[in-house]
Amino acid sequence: MSVHEIKSQGKNNYCDVLLTGRYSSDLIITGLSELPRLGNEVFGKHCELLPGASVIPAVALQRLGLRVAWPCIFGNDPFSLFARDYVRREGVNETWFQEIDRPTLGITVSFSFAEERAFVTYVDDVPEPSFPDLIHQLQPRWVFVVSLWKKGILEQIKQAALESHTAIFMDCQAHQASLEDPDVRFALQLVDVFSPNLDEALQLTGEDSIEKALTALAAWSPLVVIKLGKEGAIAQRGSQVIRIPGVKTNVVDTTGAGDNFDCGFIYGQLQGYSLEDSIRCGNICGGLSIEKHGGATASPMRAEVEKMRDSYQDHSSQA
């Protein structure tokens, strides 16, 4: 079944997107002269504590006017409460939140530069929700898998998605994985859209160019969309290759740009837009999000995206 066929059957679904992933509270440091090195202290010029991880797509999808189900577990620690209170203020549906009486820490320190960033993260172990059961219950139009999952749960999600006419979008966020691993190749076949960034695509494939990496990934996944930062995105579906330039923006903080791109793309697909226009929506959301500090706090509203989409002038190409 094609993505278009899956989308068209979602008229009466309880939610548009079932979101995976945990919360994080992100300490973002910008204005650094270099990355920290052992034995060396580096001072930043700006620091903020902001909600991160799956808080970013939860808020981004909400701001785009989509119905989001996010089964996140929050503990009794200050970082859980900070993230939970933020998404509540944003109006994200709390129905699937779970609160437990112990810490469930999710903390990331982000060293953010104009074009890239590095992270140090700590997370407590928490049980994963039963996503196949949730798919059957909610009949979402899309499942957004925020990182590269392999076998096990992803196979169960795929089966539930087929039974519920649900499409699967999977980001990557895996820096040690490789197509040489048969489990990775199998995982790419289970999803409808796979969307790594450029560094991840090169790492996965071992190739030295965008084009070669795209071809290698497209041999396994029906639609591959590689995020290229300020250069936009390039996609391949079958033999069709599409490249959409990025939008011109004033770069302040790139945290969450990829998440916002993903949400913009899913939004475009849910609106029935073409692949090209869906990528444009992704570029707009990713581009606008880097003009402010943080990921969730910088996610654009639906009206902003549509206004820019109407005036989006580019020279997209197909090969």
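Rule-based calculations on the coordinates, nothing more; no lab input. This is a predicted model, so every value here is computed, not measured. For neighbour counting, all protein chains shown are included, and Cβ atoms are generated from backbone atoms with ideal geometry for every residue, glycine included.
Observations on the model:
- When residues of the range 213-234 are limited to those that are out of contact with any helix residue (DSSP H, G or I) (no Cβ under 6 Å at 6 or more places or on another chain) and small (Gly, Ala, Ser), the one surrounded by the fewest Cβ atoms within 10 Å (Cβ to Cβ): 219
Residue by residue, here is whether (1) touching a Phe, Trp or Tyr at 6+ places or on another chain (Cβ under 8 Å); (2) surrounded by fewer than 22 Cβ atoms within 10 Å (Cβ to Cβ); (3) over 15 Å from residue 172 (Cα atoms); (4) of a type outside the set (S, T, N, Q) holds:
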residue	(1), (2), (3), (4)
239	no, yes, yes, no
246	no, yes, yes, yes
257	no, no, no, yes
260	no, no, no, no
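- All positions within the range 124-157 that are within 17 Å of residue 14 (Cα to Cα) and buried (at least 16 other Cβ atoms within 10 Å of the Cβ): 131, 132, 134, 135, 137, 138, 139, 140, 141, 142, 143, 144
Residue-wise test of (1) acidic (Asp, Glu); (2) crowded, with 24+ Cβ neighbours inside 10 Å; (3) more than 16 Å from the chain's Cα centre (by Cα).
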residue	(1), (2), (3)
243	no, no, yes
276	yes, no, yes
284	no, yes, no
291	yes, no, yes
299	no, yes, no
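- Subset of the range 158-180 that is charged (D, E, K, R) and surrounded by fewer than 23 Cβ atoms within 10 Å (Cβ to Cβ) - its residue that is farthest from residue 191 (Cα to Cα): 180
Conditions (1) of a type in the set (S, T, N, Q); (2) under 18 Å from the mean Cα position of the chain (by Cα), marked per residue:
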| site | (1), (2) |
| --- | --- |
| 85 | no, no |
| 104 | yes, no |
| 117 | no, yes |
| 139 | yes, no |
| 144 | no, yes |
| 154 | no, yes |
| 160 | no, no |
| 167 | no, yes |
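- All positions within the range 233-281 that are part of a loop (DSSP other than H, G, I, E, B) and in contact (Cβ under 8 Å) with a residue 40 or more places away in the chain: 245, 246, 247, 249, 250, 251, 252, 253, 254, 255, 256, 272
- Some residue of the range 68-89 being surrounded by fewer than 18 Cβ atoms within 10 Å (Cβ to Cβ), in contact with a helix residue (DSSP H, G or I) (Cβ under 6 Å, 6 or more places away or on another chain) and farther than 30 Å from residue 36 by Cα: no
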